[in-house]
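Remarks on the structure that follows.
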Amino acid sequence: GTRSKFGAGHPSRSCPTNGIGREIDAQDGWLVIAVGLVRAYLAKGSYHSLYYSIEKPLKFFQTGALLEYSTLIYHPKFLSGIVPSSVVLTSFQVMSRVFLIWAVTHSVKEVQSEDSVLLFVIAWTITEIIRYSFYTFSLLNHLPYIIKWARYTLFIVLYPMGVTGELLTIYAALPFVRQAGLYSISLPNKYNFSFDYYAFLILVMISYIPLFPQLYFHMIHQRRKVLSRTEEHKKFD
């Protein structure tokens, strides 16, 4: 069945027909971003400030992923509290990306030309093209080994690359956030409530310390399980 191929909890499992269309649309979206990056690089002859060439499709398709995973909230297993750890980790990953796009990169214009932005954009783009190709072929019951291998191997480089870009971008935004008092609420006010966005971003950076290893080693574990099972099938074939 499809469960073993791309894991429990993915929204497409509930309706394979609708799922195929959704995965292809998402895959096409990330291909648009990849092509946009390549075209901008060829036109400029430089990798600096390529973010501006793909800003709109990046915001659209990554925010769309948040809507996709929000459907899991209404899944019976979610409501009963029985949720696979992979769903929780992936949902965190999606939410953190949307936060980075809107609350950091969009809100702090000064960081948009940073090379660290390009670092996480490239990592996300390659990861998502592979991931949605994997889901699409799984739903079609025809998964080429090279796509399965790429899904469970390239993350070894892409995940650290993406996280490095994300952390460096948040770090680059800190002085501008502090100077402008962005999204901060100071006392006194009628609600007797204060919020320091600068401190919040530092906490976000610290949260990567426990959360990133969980996601990374979860994928390492999945890689061993999935690729070793594939090797066993090959032996019997």
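Since every read-out is calculated from the coordinates, none of them should be taken as a lab result. Nothing here was measured: the structure is a model prediction, and the numbers come from that model.
Would you mind checking Lys109/Lys190; Lys59/Lys109; Lys56/Lys109 for any pair whose Cα atoms are more than 21 angstrom apart?
Lys109/Lys190
Quick one: 3J(HN,Hα) in Hz for the stretch 101-117, Karplus 6.51/-1.76/1.60 with θ = phi - 60°, rounded, Gly and Pro as x.
5, 8, 7, 10, 5, 5, 7, 10, 4, 5, 8, 5, 8, 5, 5, 4, 5
Can you give me the relative contact order of the stretch 99-187 as a percent, contacts being Cα pairs under 8 Å and 6 or more apart?
44 percent
Taking just the alpha-carbon atoms of the stretch 128-237, what radius of gyration and Dmax come out, in angstrom?
Every Cα atom of the stretch 128-237 included, Rg and Dmax give 21.3, 72 Å.
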